[in-house]
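Q: Right, I'll just put the structure down here and ask away after.
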Amino acid sequence: LAFLDVCATCVDTLEVVPAAPDFDGLRRELGGALYGAEGVDEARAGVPLSELCARVRASRADIEAWLRQEKCLELRGRWALLDPEYAGYVLELALCQVLEHGWALGSVPLAPVQE
């Protein structure tokens with residue numbers, strides 16, 4: 001439960017209406033610097049979860065669920081969307097490793113591919 005700053009008082013009735021999470025706003029926050037995109041400093045790509053929670057109208061649980069659903073990348077505590085071209089390049093490299101070593105696609109050892 002987050003605390004709200006009171007900026008007005010009400011002497012009669014105050015109605016509180018739930019608002020849907022703003023996932024479009026979340027996508028905009030993350031879309032400014034796609035991880036792996038040309039010209040983006042990878043060390044600074046992404047947004048910390050605390051900043052996403054402060055900037056986007058959504059609960060922390062909703063934000064975390066959306067990040068997992070959209071398969072966002074977390075590096076050094078920062079969340080980012082992955083550049084589609086970069087994702088294709090990484091997949092191509094991984095497949096080359098699989099073919100080079102003759103691994104079955106259903107049993108690729110993770111450690112050598114990550115290197």
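The values are calculated or read from the model by the stated rules, or taken from the named source; none is laboratory data. Being a predicted model, the structure only gives us computed values, none of them experimental. Cβ atoms come from the backbone with ideal geometry, glycine included; neighbour counts cover every protein chain shown. SASA here: full protein model, heavy atoms, side chains in, ligands and nucleic acids out. Shrake-Rupley method; radii C 1.70, N 1.55, O 1.52, S 1.80 Å.
Q: If packing is taken as the mean number of other Cβ atoms within 10 Å per residue, what is the order of 14-22, 88-96, highest first?
A: 88-96, 14-22
Q: Between A94 and A20, 0.36 nm times their residue separation minus their Cα-Cα distance comes to what?
A: 22.7 nm
Q: Would you work out what percent of the accessible area of the chain, with all protein chains in place, is carbon or sulfur (probe 1.4 Å)?
A: So the carbon and sulfur contribution to the accessible surface is 55 percent.
Q: In Å², what does the accessible area per residue of the chain work out to with a 1.4 Å probe?
A: Working: 9010 Å² over 115 residues.
On a per-residue basis, 78 Å².
Q: Right, something else. Bins of 5 Å, beginning at zero and ending with the bin holding the largest distance: percent of Cα pairs per bin for segment 5-115, please.
A: All Cα pairs, binned at 5 Å, distribute as 2, 10, 16, 15, 13, 12, 10, 8, 5, 3, 2, 2, 1, 1, 0 percent.
Q: Which residue, A33, A43, A104, tops the fluctuation ranking in a GNM of the chain built on C-alpha contacts under 10 Å?
A: A104
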